[in-house]
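Colleague: Quick one: this structure, given as structure tokens, is what I'll be asking you about.
Bear in mind that the values in this text are calculations on the coordinates, not laboratory data. Just so you know, these numbers come straight off a predicted model, no measurement behind them. Virtual Cβ from ideal backbone geometry, glycine too; neighbours counted across all protein chains shown.
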Amino acid sequence: MMRVVLAVKERKKPFLPIEAEAILPSAFLDQEAKLTVWKGNKELPFAEVFAVSIDGEAESADDVEIVIRGDSSRIKRIGEYMDGGRIVIEGDIGMHCGNFMEAGTIEIMGSADAWLGREMRGGSIICRGNAGDYCGSGYRGEKKGMRGGSIEVFGNAGDFTAEMLAGGSIVIHGNAGDMAGVDMHDGALVIHGDARMVCANMTGGTCTVHGTVADMMPTFVRTGQVLIEGTEFTRFSGDIANRGKGTLFIRRWQYMD
Amino acid sequence: MSELLIKNAFVIDPLNHIRGEIMDIFVRDGRIVESVGPNAEVIDAGGMLTMPGGIDSHTHVCGTKVNFGRYMSPEDMRAGRTKRHGAMHATSGYSVPTTYGTSYRYSTMGYTTLLEGAMAPLEARHTHEEFNYTPLQDTMANVLFDGNWAIMEAVRDQDTARAAAIVAWFLEAVKGFSIKLTNPGGTEAWGWGKNLTCIRDIVPNFEVTPADIITTMIKANEMLRLPHSVHLHCNNLGTPGNYQCTLDTFDLVPDINRERQSLYATHVQFHAYGGTSWKDFCSRSDEIAASVNNRPQITIDMGQVMFGKTTTMTADGPMEFNLYRLHHNKWSNHDVELETGSGIIPVYYSRKNLVNSIMWAIGLELALLVRDPYQCILATDNPNGAPFVKYPEIIALLMSKAYREAELATVHPDTGSRVPLPAIDREMDWYDIAIMTRAAQARALGIAGQGKGHLSEGAEADIAIYPLRVGETDPSREYDAIIKGFSQTEYTIKRGRVVCRRGECLVEGVNTTYWVRPKVSEERNILNDEEFKRNFDRYYTVRMSNYPVQDSYLQRNVCIDTEAQL
């Protein structure tokens, strides 16, 4: 078992983002590798940004745990293409955390910025705080968002959560912003709080909203009532504007005036 | 004075009938000369295949339409990313790369001259701006006249001379090179939600037919003595059974130029379809090729489709709408006032799809069934059929029956019964390929006289040296070596300078734009035509004085003056 602790050093300009796609468990298997991060167009060695301490040894990525400490709110692309192991972020994390991730676990004790788990294939992400916009979505122009694995957000999520969702599951315990599940074609989205304009243009998959949906899309057809864990939900099918075959389970909703 | 000596080059230069000889090439100040001094820089080609720089006579690389392809497909920019390196700028994109990406990749393949296939005259500035950032190739632009109101009125009045005078003004105003007709009349009809099915339909409000437009413009083109012929994208692109429309169009073409063809029909693959619907869709390439074989006045390009992802973009707005309804993905539609329009959608050509497999076969059949390689040019209508980086694979397919059979085994199983490809044994040789990738283009575009496409004394020293040894490679079996060899030159030389070495572009480079200025007699000058000016001011949203592209948009440029018979 290997435990890597990366403590973010005090920075003069903490607002400047750092691109750190090198931070993933498999990267630490080779002790000789010289890992770098990017700040703007400058490539910096790890030691310039982090105080690194490594304990133990590991045979595979699954045996590696990375702990990120300090102000990591502007550090981007952590866990990109991650294929095993575990990353724990003690504070907040910057954009694009867990891009294309295939396996393993990322746990964020604070909040995550936009694009959390975008286009992820597998593994799981747990975010104890809030998630930013485009959580589990596809990047600009991409037709497939998250394809597998799970994302669980205990706080609120921003706009366009689960955009282009193509598989896997996303659970938001708080509220979601505008247009959650827009263009989703497969997979499952569960929102325990409120949401607005959910699942426009959806072609497949299911979305459950335990709170109230504001500005409900008029292009969904009501297809009956169902009980989920003792609570009554209304089932909708759509988006018929897109010949969609998705399913919504919604507790309360209101159409736009 | 800079001098260069290329030793031991195995030269194929079809315009000079050189079929493969070990020669030395001498270059001084960007031109080929008879000899150089003892201090010349020396490149030892070591017997490698050496040809004039490649020319693409129909590609969409610069302009509003291409840029909108970039806009609407940000996902395309995730492919093909390269870092800034040496003299090379950062690039990105696959089917619609950044201008530098286009330039570097063409240069890596030995291409030194490009013709932008369709420039809307009103939006010419954008094309010229992007030309300036395509530094390793010389460029020229086809100007769209397919739905030009003034032209259609002249056609209706059967006044060829007036049509020619209008063309002359537009070409000079927008610094264009030649006349392009894209679905003539069809895009104007599309402005009213309609399309034209073939050359005998009537364009709404103008009482002319595509046949009238095509025949008038062919005559007007020769009146102006333009270097290139009319460049035609036929009506009814991409619909089953459209081959008959294409044959009828070819029947219209007179043989009125001794130097070159009278009509360049582009991406004919998309116009060679049989059947009555997508269900009985099949190839009619044999009939199209037979028509071309009987008509020396026609030159075509393949418009080859290759499997994979790409973006289709054309001035043919209604056709793109039909494609959108098939693919149900994103779609862009654009109107250019009084002139033309355009449409763009991303597509994926799949081997598993029968229609796509047949399209793939048709392009190859056209090249193999047209006897004279000067009459069938290698092109994909980049990026419509495939991005140009696929050219080496197309070369290998044309040179190797075995490769075609191997590929045929991977496409939709019903393909073989719908196309003649399996029965075609022809394997093209190195000389044929040299014609189809540079010599035929130079002749068709009428730029051999500008020193393009050949290596005679006085020619521009645009030279491509490929890491291929003709005697030691058997193209019909070693098709992988052919693909590899044509994908990356050992040296690409532009105007006497090595601009690309094994894929590494070495200089910033400066593009040269070729444009045409026909000289028209004073009485025929359209600027003295009050009706033209009145209509221009009445219908355009720009003033006529603001319309022409300012000289500041062109960097290095060559103006080809022609003496019009007007």
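Colleague: Per residue of region B:265-277, what does 6.51 cos²θ - 1.76 cosθ + 1.60 with θ = phi - 60° give for ³J(HN,Hα)? Whole Hz please, x for Gly and Pro, Karplus curve as stated.
Modeller: 9, 9, 5, 5, 3, 6, 10, 10, 9, x, x, 10, 7
Colleague: Tell me which residues come under 5 Å, amide H to amide H, from residue B:282 once H is placed; ignore anything under 5 positions away on its chain.
Modeller: When sequence neighbours closer than 5 places are left aside, the close amide H contacts are B:241, B:274, B:275.
Colleague: Continuing with the same structure: Rounded to whole Hz and in sequence order, give me ³J(HN,Hα) for region B:310-319 from the Karplus expression 6.51 cos²θ - 1.76 cosθ + 1.60, θ = phi - 60°, writing x for Gly and Pro.
Modeller: Going residue by residue, I get 7, 10, 9, 8, 7, 6, 7, x, x, 5 Hz, with x marking Gly and Pro.
Colleague: So, one more: Taking the Cα centre of chain A as origin, work out the dipole magnitude from +1 charges on Lys and Arg Cβ and -1 charges on Asp and Glu Cβ, in debye rounded to 20.
Modeller: On the way: 27 positive and 36 negative charges, 141 e Å.
Using Cβ point charges on Lys, Arg, Asp and Glu, chain A gives about 680 debye.
Colleague: While we're looking at this one, here's another question. What is the Cα centroid distance between region A:1-69 and region A:127-156, reported in whole angstrom?
Modeller: Their Cα centres are 23 Å away from one another.
Colleague: Just report the Cα centroid separation between region B:353-374 and region B:16-56, whole Å.
Modeller: 34
Colleague: What is the average number of partner chain Cβ atoms found within 10 Å of a Cβ in B:63-74? Please list the in-between numbers first.
Modeller: Values: counts 0, 0, 0, 0, 0, 0, 0, 0, 1, 1, 2, 4.
The shielding value for this peptide is 1.
Colleague: Further question: I'd like the Karplus ³J(HN,Hα) series for region B:300-305: coefficients 6.51, -1.76, 1.60, θ = phi - 60°, whole numbers in Hz, and an x wherever there's a Gly or Pro.
Modeller: Per-residue couplings from phi come out as 10, 10, 5, x, 4, 9 Hz.
Colleague: Size of the dipole of the protein assembly as shown about the Cα centre, Lys and Arg at +1 and Asp and Glu at -1 on the beta carbon, nothing else charged, in debye to 20? Don't skip to the end; give the middle numbers.
Modeller: On the way: 82 positive and 105 negative charges, 123 e Å.
Rounded to the nearest 20 debye, it is 580 debye.
Colleague: Given the -39500 (n - 2.57) contribution per DSSP H run of 4+ residues, what per-residue ellipticity at 222 nm results for chain B, rounded to the nearest 500 deg cm²/dmol?
Modeller: Helix contribution divided over all residues of chain B: -8500 deg cm²/dmol.
Colleague: As an exercise, use a Förster radius of 51 Å and the Cβ-Cβ distance of residue B:469 and residue A:203 to find the FRET efficiency, rounded to the nearest 0.05. Walk me through the numbers on the way to the answer.
Modeller: Details: r = 54 Å, r/R0 = 1.06.
Rounded to the nearest 0.05, the efficiency is 0.40.
Colleague: Something else now. So what is the calculated 222 nm ellipticity per residue for chain A, using -39500 (n - 2.57) for each DSSP H run with n of 4 or more, over all residues, to the nearest 500 deg cm²/dmol?
Modeller: Working: 1 runs with 4 residues, N = 257.
Helices in chain A give a 222 nm mean residue ellipticity of 0 deg cm²/dmol.
Colleague: A further question on this structure: Considering only Cα-Cα distances, which of the following residue pairs are longer than 21 Å: A:39/A:76; B:194/B:219; B:65/B:494; B:352/B:484; B:279/B:390; A:12/A:34? Don't skip to the answer; put the middle values down first.
Modeller: Working: A:39/A:76 10 Å; B:194/B:219 28 Å; B:65/B:494 28 Å; B:352/B:484 26 Å; B:279/B:390 29 Å; A:12/A:34 24 Å.
Among A:39/A:76; B:194/B:219; B:65/B:494; B:352/B:484; B:279/B:390; A:12/A:34, the Cα-Cα distance tops 21 Å for B:194/B:219; B:65/B:494; B:352/B:484; B:279/B:390; A:12/A:34.
Colleague: If the only charges are +1 at each Lys and Arg Cβ and -1 at each Asp and Glu Cβ, what is the size of the charge dipole of chain B around the Cα centre, to the nearest 20 debye?
Modeller: Details: 55 positive and 69 negative charges, 251 e Å.
So the magnitude is around 1200 debye.
Colleague: Arrange the following residues from fewest to most other Cβ atoms within 10 Å of their Cβ: B:219, B:175. Don't jump to the answer; show the numbers that get you there.
Modeller: On the way: B:219 18, B:175 29.
Listed from fewest to most nearby Cβ atoms, that is B:219, B:175.
Colleague: Here is a follow-up. Could you tell me which of B:230, B:383, B:423 has its Cα farthest along the dipole of chain B towards the positive end, charges placed at Cβ (Lys, Arg +1; Asp, Glu -1), taken about the Cα centre?
Modeller: B:383
Colleague: Applying 1/(1 + (r/R0)^6) with R0 = 41 Å to the Cβ-Cβ distance of residue B:200 and residue B:535, what FRET efficiency is obtained, to the nearest 0.05? Could you put the intermediate results ahead of the total?
Modeller: On the way: r = 27 Å, r/R0 = 0.66.
Efficiency, rounded to the nearest 0.05: 0.95.
Colleague: Sort B:494, B:519 by Cβ crowding within 10 Å, fewest neighbours at the top. Kindly include the intermediate steps, with their values, before the conclusion.
Modeller: On the way: B:494 28, B:519 14.
Lowest count first: B:519, B:494.
Colleague: Fewest to most neighbouring Cβ within 10 Å: what's the order for B:267, A:210, B:334?
Modeller: Details: B:267 26, A:210 20, B:334 17.
Sorted ascending by nearby Cβ count, the order is B:334, A:210, B:267.
Colleague: Another question about this same structure. From the square roots a ≥ b ≥ c of the eigenvalues of the alpha-carbon gyration tensor of chain B, which class results: rounded (a/c under 1.5), prolate (a/b over b/c), or oblate?
Modeller: Details: a/c = 1.56, a/b = 1.18, b/c = 1.33.
Here chain B falls in the oblate category.
Colleague: Considering the dipole of chain B built from charges on the beta carbon (Lys and Arg +1, Asp and Glu -1) around the Cα centre, which of B:90, B:485, B:346 is farthest to its positive end?
Modeller: Result: B:90.
Colleague: Rounded, prolate or oblate: which one fits chain A, using the alpha carbon gyration tensor with axes a ≥ b ≥ c (rounded when a/c is under 1.5, else prolate when a/b beats b/c, else oblate)? Before the final figure, lay out the partial values.
Modeller: On the way: a/c = 2.45, a/b = 2.23, b/c = 1.10.
Verdict is prolate for chain A.
Colleague: Can you give me the relative contact order of chain A as a percent, contacts being Cα pairs under 8 Å and 6 or more apart?
Modeller: Numbers: 892 pairs, mean separation 25.8, N = 257.
It comes to 10 percent, rounded to a whole number.
Colleague: Turning to a different aspect of this structure: Roughly speaking, what is the centre-to-centre gap between region B:192-235 and region B:420-487 when only Cα atoms are used, to the nearest Å?
Modeller: Rounded to whole Å, the Cα centres lie 33 Å apart.
Colleague: Another question about this same structure. Would you work out which of B:308, B:566, B:445 lies farthest towards the positive end of the dipole of chain B, given +1 charges on the beta-carbon of Lys and Arg and -1 on that of Asp and Glu, about the Cα centre?
Modeller: B:308
Colleague: Return a whole-number percent for the relative contact order of chain B, with Cα pairs under 8 Å and 6 or more residues apart as the contact set. Please report the intermediate quantities before stating the final value.
Modeller: On the way: 1387 pairs, mean separation 114.7, N = 566.
In percent, rounded to a whole number, it is 20.
Colleague: Report the FRET efficiency, 1/(1 + (r/R0)^6), for residue B:351 and residue A:219, where r is their Cβ-Cβ distance and R0 is 30 Å, rounded to 0.05.
Modeller: Values: r = 36 Å, r/R0 = 1.19.
In this case the efficiency is close to 0.25.
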